[in-house]
Each structure stands twice: as C-alpha cells, then as structure tokens.
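Engineer: Below you will find the structure I want to go over with you.
The values are calculated or read from the model by the stated rules, or taken from the named source; none is laboratory data. The model shown is predicted, which means the values in this text are computed figures rather than measured ones. Here the Cβ is made from the backbone with ideal geometry for all residues, glycine too, and neighbour counts use every protein chain on show. Just so you know, the surface numbers come from the protein's heavy atoms only, side chains and all, with ligands and any DNA or RNA stripped out. Shrake-Rupley method; radii C 1.70, N 1.55, O 1.52, S 1.80 Å.
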Amino acid sequence: MGIVTPAVVVCSVLLGSLIFSPFLTAASKNPTYFNIGGVLSNNVSEFHFQETIAHVNFDNHYVPRGTTYYATAIQMDANPIRTALSVCKYLIAHRVYAVVVSHPLTGDLSPAAVSYTSGFYHIPVIGISSRDSAFSDKNIHVSFLRTVPPYSHQADVWVDLLKHFGYKKVIFIHSSDTDGRALLGRFQTTSQNLDDDIDIKVAIDSVIEFEPGLVSFTEQLQEYKSAHARVYLLYASKSDAEVIFRDANLLNMTDEGYVWIVTEQALDADNVPVGVLGLKLEHATDERAHIKDSIYVLASALRDMNQTENITEAPKDCDNSGSVWETGKLLFQYIKKQILLHGETGKVAFDDNGDRINAEYDVINIQELGHATVVGQYLYNNEHNRMKLHLEKENIVWPGRPEKMPAGIEIPKHIKVLTIEEKPFVYVREIKNYIDEECAPDEIPCPHFNTTPKEDTRAFCCKGYCMDLLRELAKTINFTYNVSLSPDGQFGSYIIKNYTAGKKEWTGLIGELVADRADMIVAPLTINPERAEFIEFSKPFKYQGITILEKKPSRSSTLVSFLQPFSNTLWILVMVSVHVVALVLYLLDRFSPFGRFKLANTDGTEEDALNLSSAIWFAWGVLLNSGIGEGTPRSFSARVLGMVWAGFAMIIVASYTANLAAFLVLERPKTKLTGINDARLRNTMENLTCATVKGSAVDMYFRRQVELSNMYRTMEANNYDSAEQAIADVKTGKLMAFIWDSSRLDFEAAQDCELVTAGELFGRSGYGIGLKKGSPWADKVTLAILDFHESGFMEELDNRWILLGNMLSKCEQYEKTPNTLGLKNMAGVFILVAAGIMGGVGLIVIEVVYKKHQVRKQKRMELARHAADKWRGTVEKRKTLRATIAAQKRLKANGLNDGGSVSLSVEALPRSVIDMPSPVRAWPGGCDVRQRSPIPLPLPDAADMIV
C-alpha cells in the first residue's frame, strides 16, 4: 500500500463534499463542517490521524450527508508550556470541536497541559495513551476522556485472579502516589462486591505503603515475613520494584509458598523473580488503533448531537477568557455515552469519569529470568455482557517451581486460643498454690490473657464442654495451642472507647481477635451478623436459642388452704344448707302427729319432740360424720329428710376429700411467664424485673428488634456484667426473669429443680468457633465440627456436660411425684382446732360469769320476796289493830265504859305488836318502828296506816 500524502487527503475531502453537496440541507442551522484537533507524538501518528478522518467522511453511518470533518494536527512538545501555546495557536484558533491527545516520547506533563488548556473552554479531549489516575479527577480535568484505562483498573483483573485461585487474604504493597492509592481504593471496593458472596470475598491482611524512590525495603518486608498471608500484590514503578524484588529475594520471600501479582510497571523491572504474575494492557502502545477508535467514537457523538442539539461554533481565541462554550459540555456528555462494540482495541465504552472500561489485558507469567509468557487473557464476553478471565492454570510457573499451586497462606501450627468462664461450657478453677499444684488431667491451664506473672500471680485451670471440643479439634486437624481467659470477662461489644475519638471498637474476646492478638475463640460464642462482619465463624457446634429463666412460684399454701377444694360460693351454700335442713327437721318433728310417743317399759312419761338446738346438732353431726347420741328425728317425714341429708353429706365429703388431694398433694406450680410475648414482659409498667448480660449476643438481639425496643429500654438498666450474677439473683428471688442462651439455662434448670425455663425458644442461632477473617483454619475447623456431629461426639458432650447424665429427667420425675403434706399445707386446720378450743374456753368463762350473776340475782330476789312477805304480814296485823281500835271507839261513843272495855295504853297491846320489826319504809316523822321505847307513843290515824 502506497503512502497517502496530505494533498491527496485534502482532495478526497473536497471531492466528497462535491459529490454529496446536492443533499445538503440549507435550512440546517448547525455547522456543516467540524475541525478535529490532534496532539500526537510523531509524524506517523499524525498521518494516521488525518487518514482516519478522511475515511470516516465516506462512512454514512458515522457522518451524515452534508457534514464534513477536517483534521488539524500538531506534534506534542516535551515542554508542557510550549504544548499549551501550540494548542491555542494551531488548534483553538482553527475552532476545533475536540482534541485527540497522545503521550510525548519524553516527559509526562504535556497531556495535562493539553487537558488544562482545552478544558478551560470545555473542549473535549480524548487521551489515547495517558493512564495516570489524576486524569480521572473531573475537578481538574473537566473534559478529559481516554480510550485507555487508568492503572487503578488493574485491580479488577487482580480480584478475578484471586477469585480464580481461591486466595482470600493478601498483603497489599503500593507507592504513596495518586495511582497507588487509587489502585488500593478500587481493589477494596471491587473485592467486597464480588457477587455479594461472603465465601469469595478477598480480605487485605496488611497494607504496606512506601514513598517513591526506595533505597531499601528490607525492614518493611521483615515485619510481614511471619504473616499468615503469603500473597503479595505490588504496585510500584520500575525502579522501586527492582529494590523490592531485590530485598524480597534476600529474605527468601520469592521462594516456594509465596505468590506475587504485580502491575505493568513492576513487570518491566529487570530483576523480576521467576513465578511472578503480572498484567499487560492489550494495544497499550498501538496509537494507530486508539486514534481510529477515538475518531469513530467522536464522530458517533457529533452525529447524535447534530440530530437533537443546537450546535454552536467552537471557541477561536485563547485571549477571550470569559467565554464558556456550552456545546463543548454537551459534546463531552455525548462522547461518554458512546459504545463502540467492535473497535480496533475491543469494546470501547466509558464510565462516569470518562475512563475506558472493558479494556482487555494479557496475564503474564515470568517463567525464566527476563522471559515472560502469556498464560491467560482478560477479555470482554459478548454473550455474558461482561469481562471474563481465561487462564491456562496448568502452564503457570510459581515461585520456587513447586509441583502444585501455593496455598497462599502460612498455616501456623501453634494457635493462641481465648475462652471465657461460662458453665457448663467452661469451668474455671483457681489454683491457690500454683507452684506446687498442677491442673488435673481433664483440665487445661488458662491464665488471664495478655498478663505477665508479675501483673497477675494467680493461676487457673479450665475444663468443660468447650475444652473437650478443643482437645478433639487439635487432635483431628493437628495443631498445638495455649488457652487464655478473656481479659475483661466479656464476650465483647462494639462501643465507642474514650481513647478512640468517637470511633467504635470491639471489646472482650472479639476485640482481641479483631486486633490480631489471638487466633481462635473456643467458647459458647453466638453467631450473629454484628460479629460476623468482623470475624469469621465455623459452622455451629451447638444449635440453641434464647429463653427465660425464672424461679418456680411457691405454692399458694395459706392458712385457708384446706378451703381451696370448694369455691367460696359452694362453702356458703353448704353452710346455709346445714341450717335450713336443721330448721325443716325441727318443724317436721314439731308438727308431725307422730313426733311424740311413749317409750316402752318406761314410767309412762311422754318424750318431748326434737327441739331446734338438737336439730342443728343433728344436721352438723351428719355432715361431719360424727356419731349422733341423742336428739334424732322421731317422725317418719323428718327421718326421710335426714336420710337424704346423709346422702348429701356423703357426696360433699367425698368430693372435698378428692379435691383436697388434687390441690394439696398432686398440684405442681406453673411458670409465672408464658414466654417472650408475655404481656407482663412487654408492659414496662408491670413490677417485673428482667435482665440479660451487657454487650452479649442476647443484648445485641434485643437492640436490633424494633418490636422489643420498649422492653429493652427497661432491661438495659438491670443488665448484669456476667451470667453468674444474674442466675444467683434469680435463685434468691432478687431477679424475676433472666433472658439468656437456652443451653446455659437448661443446664441450670437441670441442676436446680427449683428453676425453670419459660416459654418457647426465640432468636434461634448457634454457637461457633470464632476465627480471624481469612483464617487458614476456618475450613478445617468447619469440616471437623461437621464430622463430630455425624460421629456422635457432640451428642456425647451434651450428655456429659449439659444434661449431666439425665439430670433433667430426674427433675421431671420429681415433678410427677406427689408432695408430702406438711404443717404449711394444713396449718389452717390446726388453727381451726385451736380456735375451737379457745372458743370453748371463752364460752365456759362466759357461762360461769353468767351463772354467778344469775345466782346473785336470785338471792336478791329471794331476800326481797321474804321482806315483802313480812311486810304483808305486818300490814295485815296493823289493819287488824286499827279495826279493833275503831271498834272500841265506837263502843265508847255509844256509852259503853265498863270493865270489859279495852285499855288504850301500850301495855294493853300484845307483846308481838310492840316487838314487830319495822317495815322497809320508815314511819312518818322519821321514827323507826323497830326501836323499842318505854315511852308510850300515840297511835297513828287510820289514814296513816294505809300503805
């Protein structure tokens, strides 16, 4: 093919214009020709640029009829100032609509000068060789796009490589320049977004950042030589990479077991070790291909813009600094939207920053010193519409030339294990004399973590479920260990510490594992999302949930417990029935014509009918099953009622006896709570204290459950530092409900039959072994635990440590065994008897006092009756005397005065009259008639004698 001169190109353009001139639309307001500028590295690239524009004018798919593109190209100067001046003088002055810029042969500032100058007027700039990450900053390079990806995009290929090899933990080494930090940021973002699959996420174990211009890198490498991760990702310039490879070789860090994956610049180092993997951008130096792709993308954007937008002429003067070309802003956006499916460099597309995406790479393997071999490609797959990695894994030579692919990690044989006291999983016993005394064969020494003998002279021994599990794990997957107790006695919570200036950190066991001060946690560690974000868990070794522990409610044995078999209403009806029946019996026996009859062989007296008192006594005697000695019904009708009452009494007594056995002997108390949904737990106004352990998995569960927020606010003030304290308070009744893991609470309920778990399990989860992110032991521990479940070993641990040899069944048997009645149950009966005794004594006292009162009253009545009798006799005698005196007076008045007349002197009265005792009342005049006086007294008148 002959060389095409610029004159020929111009003639072709003019000829094309003449051919399609009849089809031009004179009504169009947009320009009919567009100048495209080029700042290229050499004459050959300049020629390709002009040739491509000439050819595109004949492609109706990209250039509509009536539109013509013209090329205006200059060569780039190594001096960025002269380059900027040339852009103003030869490109902007010719009204270019866009600029295609290459890279200078020497220096790297000239493309930036083109971008600054053109970007000031918003003239789009398409770079075809500039890969610095600084060009992605749209605050500086406002209108810069490129058909080559920045160096930071190599992180996408790195992540796919690591995923393909199965490496999950790496050490990242990068320079502190813009490209190094951009590469790290993109790697971190891409590695965490891998199909949202936690099993394939890549974690950075350590980051080593260095200043460009290295002299030695030995100290940094020495620090990480003992790290678990053996996969090194390196971004460095050629000179810095040579220093790093030199020092790594001296430390034997390029031998077998290590993996090095590097960027394009580091791959150019002269001393790249054998086995290193690197990347090479395809078409990276093919300016001709990039020029063609950039012009076709630009032509597509102008075509789309010409159809919908009003295009104004481009700026023509760098001296006019006040003008802003709005069409340039629109053109930049149109270029970003273009997709060239079958470009010379593959699929051409841009991201939001104008950077090339879907760029294709070769995977390079150094198999001999200075000899690189392509072992794979990173290509765009049209079928899946994404980039795909194609790798010839069997052709890769690894460092040290091993027969199989390195594991990428150094698996330590000795592990630092942390645990915490939590019965029955871990029992801790303090050794009083740690010099002479040692741990028992079934115990493991477990001092407090991160303490020296000077700081803590105490020694401890641990045993239990988790310690047996640790022994079996060590035996199965072959590692040694030392066990330490949690430094603060807590599992760990994610809180803000005083010295972290508002940053959250983990405390307790989780904090030690996250800080890389321990390798494994073997404890009843609940698997939850908050912890899984920072540490790695094995598969659960025990499945459990959350439940509530409470003390069994005491029996409601009160002084009236013996009344429980019947309701209050029934007792009242029985009491009323007794007296109603007694009254009816009395009436029947009283009014029945056969209620009174003579007994045979008696003295002929007639027996009285049943009185009311006897009837009441009979009714109570039948009800209480006591013998009836006397006072029984005599009539047939009353005796029929008596038999019916006896049947009623038999049924009532039998029912009472049966119910008494159920209430006082076989009754087992139920739990106070029905479960987590109990209204007394949800209602914060109730006087019911519940709590859990601060910073525990249960505490985290309540914090993330919105419907339990009210309950959690009440619990938070009562939460304990440890489960031991809470369980002790439940036993003493200080705490009513303790919410904790079901395994521990089932164990406590098995030990103490007075404790019981309430309700169904909730918040189901499992206990797992905690490991660091990317731990090499994770898969092995998980496989071992699954094997333990299948072999029955975990069931043996459950029976030995949690169920305590079927202790739970013993409590169940105890629940079914009738209780022995005691004084507490029947105290009311004894008090009733005592009340009867006291009542009897009280009544006898009342009877005695009443009897004495009656006797005194009867004596007074007899004295009064005797005095009245004497008074009546005296009155009769005096009446007789008055009658005699009256008769004498009448005789005297009639003139009878003979010797037979009666003498009126006292001596003439009978002696009995003179000596008569005085009556109760005194005579008028105050004289006591009982006094005897030799002086004759005048006799009272007849009126005075009337009482």
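Engineer: Can you work out the FRET efficiency for the pair Glu313 and Glu211, with r the C-beta to C-beta distance and R0 = 60 Å, to the nearest 0.05?
Structural biologist: Numbers: r = 48 Å, r/R0 = 0.80.
E(calc), rounded to 0.05, equals 0.80.
Engineer: Based on a Kirkwood Rh over C-alpha pairs, give the Stokes-Einstein translational diffusion coefficient of region 332-445 at 25 °C and viscosity 0.890 mPa s in µm²/s. Provide the component values of the computation, followed by the final result.
Structural biologist: Numbers: Rh = 21.0 Å.
Value of D from the Cα-based Kirkwood radius: 117 µm²/s.
Engineer: Would you work out which of Phe449, Phe460, Ala515 lies farthest towards the positive end of the dipole of region 415-544, given +1 charges on the beta-carbon of Lys and Arg and -1 on that of Asp and Glu, about the Cα centre?
Structural biologist: Ala515
Engineer: Here is a further query. Over region 415-544, with the other protein chains present, what is the accessible area per residue in square angstrom, probe 1.4 angstrom?
Structural biologist: On the way: 6260 Å² over 130 residues.
Using a 1.4 Å probe on heavy atoms only, each residue of region 415-544 averages 48 Å².
Engineer: Also: Taking region 415-544, how many lysine pairs are there with alpha carbons less than 19 Å apart, if each pair must be eight or more places apart or span two chains?
Structural biologist: Qualifying lysine pairs in region 415-544: 9.
Engineer: Could I ask something else about it? Would you be so kind as to identify which of Tyr543, Thr419, Ala474 lies farthest towards the positive end of the dipole of region 415-544, taking Lys and Arg as +1 and Asp and Glu as -1 on Cβ and the Cα centre as origin?
Structural biologist: Toward the positive end, the furthest listed residue is Tyr543.
Engineer: Using the Cα centre as the reference, give the magnitude of the dipole from point charges on the C-beta atoms of region 342-382 (Lys, Arg: +1; Asp, Glu: -1; all else neutral), rounded to the nearest 20 debye.
Structural biologist: Working: 2 positive and 7 negative charges, 20 e Å.
The calculation lands at about 100 debye.
Engineer: Would you kindly derive the ³J(HN,Hα) couplings of region 117-128 from the backbone phi angles with the Karplus curve 6.51 cos²θ - 1.76 cosθ + 1.60 (θ = phi - 60°), listing them in order in whole Hz, with x for Gly and Pro?
Structural biologist: Couplings: 5, 5, x, 4, 9, 6, 8, x, 10, 10, x, 10 Hz.
Engineer: Please list, in order along region 570-577, the HN-Hα scalar couplings obtained from phi with the Karplus expression 6.51 cos²θ - 1.76 cosθ + 1.60 (θ = phi - 60°), rounded to whole Hz, x for Gly and Pro.
Structural biologist: 5, 4, 5, 5, 5, 4, 5, 4
Engineer: Tell me the carbon and sulfur percent of the accessible area for region 415-544, rounded to whole percent, probe radius 1.4 Å. Could the numbers behind the result be given before it?
Structural biologist: Working: 3170 of 6260 Å².
Result for region 415-544: 51 percent of the exposed heavy-atom area is carbon or sulfur.
Engineer: Give me D for region 415-544 in µm² s⁻¹, whole number, from Stokes-Einstein with Rh from the Kirkwood sum over alpha-carbon pairs, 37 °C and 0.692 mPa s.
Structural biologist: Working: Rh = 15.7 Å.
Rounded to a whole number, D works out at 209 µm²/s.
Engineer: Ranked from highest to lowest mean number of other Cβ atoms within 10 Å per residue, what is the order of the peptides 140-151, 778-789, 372-383? Mind dumping the intermediate values first?
Structural biologist: Working: 140-151: 22.7, 778-789: 17.5, 372-383: 15.6.
Descending packing order for the listed peptides: 140-151, 778-789, 372-383.
Engineer: Related question: Once you have a ≥ b ≥ c as the square roots of the Cα gyration tensor eigenvalues for region 676-730, tell me rounded if a/c is under 1.5, and otherwise prolate or oblate according to whether a/b is larger than b/c. Please list the in-between numbers first.
Structural biologist: Working: a/c = 2.16, a/b = 1.23, b/c = 1.76.
Oblate, since a/c reaches 1.5 and b/c is not below a/b.
Engineer: What order do Glu223, Glu287 take when sorted by accessible area (1.4 Å probe), most exposed first? Don't jump to the answer; show the numbers that get you there.
Structural biologist: Values: Glu223 125, Glu287 35 Å².
If we order Glu223, Glu287 from most to least accessible, we get Glu223, Glu287.
Engineer: On average, how much accessible surface per residue is there in region 304-387, in Å², for a 1.4 Å probe, leaving out ligands, DNA and RNA?
Structural biologist: On the way: 4410 Å² over 84 residues.
Value for region 304-387: 53 Å² per residue.
Engineer: Compute the Rg to Rh ratio over region 250-289 from the alpha carbon atoms, using the Kirkwood formula for Rh, and round to two decimal places. Could you put the intermediate results ahead of the total?
Structural biologist: Details: Rg = 13.4 Å, Rh = 11.9 Å.
Using only Cα positions, Rg/Rh for region 250-289 is 1.13.
Engineer: Could you state how much accessible area Ser129 has, in square angstrom rounded to the nearest 10, with a 1.4 Å probe and all protein chains kept in place?
Structural biologist: We get 30 Å² for Ser129.
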